[in-house]
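Presented below is the structure to which this report refers.
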Amino acid sequence: MIEIGKEKQFMQLGELPLESGQTLSSCQLCYQVVGQPNSARDNIVLIPGYYGGTHWGSLPLIGAGSPLLGGDYCVVLTNLLGAGWSSSPSNTPAPQQGAGFPRIGLADNVEAQHRLLDRLFGEWRLALVCGWSMGGMQAFAWAMRYPQKVARILPFCATARCWPHNRVFLEGVRAALCVDAAWQYGHYRQPPQRGLRAFARVYAGWAYSQAFYREALYRELGFASIEELLLFWEQDHLQQDANDLLCVLDTWQGSAPSERDLRGIRARALIMPCSSDLYFTVADARHEASLIAGAELRVLQSDWGHCAGGPGREPQAMRQVFEAMAQLLAQPER
């Protein structure tokens, strides 16, 4: 059994050419490694970060009940570029600070993670790439960009592409933030607090399902009312930088792989959309799964909406994810 604590490490990756044609100067990637690689360096599991969170939020995926807990795997957890701990608008010096930060794509995150793995392990192969939400989007991106390096993927509450309705949802939360006059097109001197609060309240309506609110499932999170939940969301978003949020939102919206890209995936794929997710929908996930040879679509049954896949948030959903993970890891590589 491995012991899991919260660690925060940084790898300096130098200049990172971006798919936009720009270059990110002095790229820094924040990460944590749990466990040890085997001699073949083929027991490595990558868990990329999700929107609005840090890699610490993904630690429950290697906690109690997880097939990754026993020490057989070397787990690497990473933070998204732009999310606040890795290179981001909020922590990058001029001239790339704030509104001057370059546009980041999912492929850019994959390239930074590839450099990290090279530095850590030399030769390596990923036994699994898994993750929730944008973590799952990165799992797809890895399998498309480096099919020879990825044995298995388990994206849950995620699709490879930002489909049209998903894009419209994101435009709504973006508008809620940017309507605050204090935002100043990203050149704010003080945080646009009204915009951040509005962003949080709009987002909360999409993150959970209709049944979650109707059945008062927020009580399972310790909130006595919807207003308490919304105030929690406000406080959480007030701790985040507006330019960081919008940078990663752009990364999310920019994911538009072609059907040919999806057909090129060779990894063994188990895709888990949530039955009540309002923006990474079962229908969109089913279409993508139909394009990937041998992919299994397994619906995560939950009334928690997109947040069903949040690591450690809903025990029944996590049991379904861990069962799928164990079964996927037990299958031979393709």
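All of the numbers you see were taken from the coordinates with simple rules; none came from a lab. Keep in mind that what you see is a predicted model, and the values were worked out from it rather than measured. FYI the Cβ positions are ideal-geometry reconstructions off the backbone, even for glycines, and counts take in every protein chain you see.
Observations on the model:
- Matching residues in segment 4-47 - criterion: being under 21 Å from the mean Cα position of the chain (by Cα) and hydroxyl-bearing (S, T, Y): S20, Y31
- Scanning segment 139-162 for residues that are closer than 20 Å to F322 by Cβ and of a type outside the set (A, V, I, L, M, F, W, C), we see that the one that is farthest from the chain's Cα centre (by Cα) is R152.
- C162 touching a Gly at 6+ places or on another chain (Cβ under 6 Å) and more than 14 Å from L245 (Cβ to Cβ): no
- For segment 1-42, residues that are touching a Pro at 6+ places or on another chain (Cβ under 7 Å) and crowded, with 20+ Cβ neighbours inside 10 Å total 1.
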